[in-house]
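Notes for the one structure printed next.
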Amino acid sequence: MLRIIATIRKEWLLLRRDKAGLALLFAMPLVLITVMALIQDAPFRDYQEVKFDILAVDNDHGRLGRYIREGLQESGQFNVVDSINGQPLSEAAAKSMVAKGKYKISITVPKGATAEIVSNANKIVNDISKRMGLPSQLPVKALSNDSLAVQLYFDPAAKKAFKSAIHQALDNFLTQVETDLLLERIQLQLRSRDSLSQDTFPAIRLKAVALRETSLGEGKQIDVISNSVQHNVPAWSIFAMFFIVIPIAGNMIREREDGSLVRMKLIPGNYLSVLTGKLLFFVGICIVQFYLMIMVGLYLLPMLGLPELQLGVNHVAGFLVAASIGVTATAYGILIGTIFKTPNQALNFGAVSIVILSAIGGIWIPLEIMPESMQMIGRLSPLSWGLDAINDIYLRNGHIPYVLPDIAKLLICGGAMLVAAAVVEQRRIG
Amino acid sequence: MNSIAVKDLEKTYAGALTPSLRGLSCTFAEGTIAGLLGPNGAGKTTTISILCGLVEATGGSAEIFGMPQVPANREAIKRAIGVVPQRIALFPQLTAFENLRYFGNLYGFSGKPLREKIMQHLEAFGLEKAAHKETGKFSGGMKRRANIIASILHEPRLLVLDEPTAGVDVQSRSMILQFLRDYNAKGNSVIYTSHLLDEAEQICNEVAIIDEGTLVVQGTPKELVGRHGHCRNLEDVFLHYTGHAVRD
């Protein structure tokens, strides 16, 4: 125990006096997380909280134009702009502003669009009445050669998903107007036939089956993942924890180069106890790092206008996952420090390998949006196990049994790396 | 009893074209200051590494105080020897006191006894005023002295030193050599490697000159110098046996 405590104290003294090492372990990750959360905030908000200005040119002045304007406004995702400097917007002006990239989208409702829908509804009602032996009395316009269309202009840089969402919303509004007008025409026809029906005509339920959303998390919204803080804080915290590989490997190679490793090995007692002290110290540092980053998500980022990080309900599970990630990261550092002979080799390999493991492990972008083949590779990255476990706790309110498989994977991986380091070191003696 | 005894010792490192040791045999009696001398690449460091258990021999045997260097004896051998590496095996960011406390803790010492032991040694080596200074900021001589203290905290019966006076000033060198004499006077054994042959001649009771992995000659410095009429000192003896060709 004395050897373990002495090693922890020694590592603490070494780290305390290594200003660059302290900056690498604590200051840089804080800056990294803050910057990443801020710059990724906009893409995460694109389809969530940000309201887009949308140009609306209403040449119809009828029900369709009104429905589209009101529908877009009520969706909460758009600010409908139908006049500039107090002047009604023209289609040409709207088109020009979208082309210049000032707005992402413009919608023009053509003149006579509502009249066209009314006429079409009248035609349907007249046809039905005729088949039922009733008089066809609703007015119908003559067929026009050019079919009317609601015209959309998109900024060429607009994302495909955004365009698709707009198309879908407008399709819904058109269907709604057409259905409303058709029902009105039917009611009108029926009332004209029987004056009593005005009082007894039943209300027509348009939606017999509704959609209902229930979150599977315990009392929390599962879509909290969609914000930048909820993805970036845990993801980059794990990335920063793995960067502990750099000081560990550098420290081990320096010890080998200056002979202090030989001195430690020549002292009676198992060298494993020295390694255990080193492991415990750096796992402790990883845990401190993790909770510092979490504090950034809880206190600093909200001060910068970003959402507050949600931590789930089981903090013990969160701690266990952080410690497991720390074990794997430290073991990886020990392995690299054992395999490589010079600090340059170790530091370059260590840094690049962590960047690769983090990229495929879903740290930069969520694994779910990667191609399937990359997802399969990504699931092999210890960083993805850590992130999965953290998401299970923070987003799905998972408890310890929920994250045990990921914790087991992390610890087995860490153990395997320590065994590999021991084998390499043993071969060196031979 | 011998402090060390090696017999037919062989070592070929993985990937090496030539062996480092080719059947080296030599013994040093307990209680002597022995010099293991040889040109670069002669096999001195490999021999010491095998004796300490840092490297495994390809063939032959090595014993320390009659204990064969095998895994079963490794802990007992570690307790019996102190090794002063040629490089300064200290943490430069730690003070002399912190370094010595750490290595003392690894030896199982702690608390007041350890503090007192450290301060005694620091005083003996003239480092008491620098106890709380980072060793990275020490002069070459101070580093060498602190390097020796870290290896004698457990008071080993055999002290092995690899070039302990390389790159130090005259005063530090004199202090280190006096320490070796004093340590030996307490009944401890010292094995010492150096390229400074006048120094070896001055303090060693016995020297072994090795070259290309084998023993060339062994005896007291006086005896070896006397064997050859043209040799005035140990350096002449060394050159007589190992030649004038430059070694890399």
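Checked against (1) in contact with a Leu (Cβ under 9 Å, 6 or more places away or on another chain); (2) surrounded by 18 or more Cβ atoms within 10 Å (Cβ to Cβ); (3) within 25 Å of B:T214 (Cα to Cα), B:T45 passes all but a single condition, namely (1). The set of residues in the stretch A:9-20 that are of a type in the set (D, E, K, R) and part of a helix (DSSP H, G or I) comprises A:R9, A:K10, A:E11, A:R16, A:K19.
Please state which one of A:A94, A:A6, A:A23 is in a helix (DSSP H, G or I) and touching a strand residue (DSSP E or B) at 6+ places or on another chain (Cβ under 6 Å). Unique residue meeting the criteria: A:A94. Check whether at least one residue in the stretch A:263-275 is β-branched (V, I, T), in contact with a helix residue (DSSP H, G or I) (Cβ under 8 Å, 6 or more places away or on another chain), without any contact (Cβ under 8 Å) to a residue 40 or more places away in the chain and not in a helix (DSSP H, G or I), and report yes or no. For the stretch A:263-275, residues β-branched (V, I, T), in contact with a helix residue (DSSP H, G or I) (Cβ under 8 Å, 6 or more places away or on another chain), without any contact (Cβ under 8 Å) to a residue 40 or more places away in the chain and not in a helix (DSSP H, G or I): present. Filtering the stretch B:32-42 down to residues that are in contact with a helix residue (DSSP H, G or I) (Cβ under 7 Å, 6 or more places away or on another chain) and in a loop (DSSP other than H, G, I, E, B), which residue is surrounded by the most Cβ atoms within 10 Å (Cβ to Cβ)? Step by step, filter the stretch B:32-42, then rank; the result is B:G38. Just so you know, in the stretch A:417-428 the residues that are surrounded by fewer than 16 Cβ atoms within 10 Å (Cβ to Cβ) and touching a residue at least 12 places away in the same chain (Cβ under 8 Å) include one that is nearest to A:E368 (Cα to Cα), and it is A:A420.
Return the residues of the stretch B:83-122 that are more than 8 Å from chain A (Cβ to nearest Cβ) and touching a residue at least 60 places away in the same chain (Cβ under 8 Å); say none if nothing qualifies. If the condition is that a residue be more than 8 Å from chain A (Cβ to nearest Cβ) and touching a residue at least 60 places away in the same chain (Cβ under 8 Å), then B:V84 is the only one that fits. Does the stretch A:386-412 hold any residues that are free of Cβ contacts under 8 Å to residues at least 40 places away in the same chain and over 17 Å from the mean Cα position of the chain (by Cα), and which are they? Hits for the stretch A:386-412 are A:P401, A:L404, A:P405, A:A408, A:K409, A:I412.
When the stretch A:274-297 is filtered for residues that are over 19 Å from A:L335 (Cβ atoms) and either of a type in the set (S, T, Y) or within 13 Å of chain B (Cβ to nearest Cβ) (or both), only A:Y291 remains. Scanning the stretch B:66-82 for residues that are touching a residue at least 24 places away in the same chain (Cβ under 8 Å) and either at the interface with chain A (Cβ under 9 Å from one of its Cβ atoms) or surrounded by 14 or more Cβ atoms within 10 Å (Cβ to Cβ) (or both) yields B:I77, B:K78, B:R79, B:A80, B:I81, B:G82.
Look through the stretch A:118-174, keep the residues that are in contact with a Pro (Cβ under 8 Å, 6 or more places away or on another chain) and surrounded by fewer than 17 Cβ atoms within 10 Å (Cβ to Cβ), and return whichever of them is modelled with the highest pLDDT. Restricting to residues being in contact with a Pro (Cβ under 8 Å, 6 or more places away or on another chain) and surrounded by fewer than 17 Cβ atoms within 10 Å (Cβ to Cβ), the top hit is A:Q151.
The values are calculated or read from the model by the stated rules, or taken from the named source; none is laboratory data. Given the structure is predicted, the values throughout are model-derived calculations rather than measurements. When we count neighbours, we look across all protein chains shown, and the Cβ atoms used for this are built from the backbone with ideal geometry, even at glycine.
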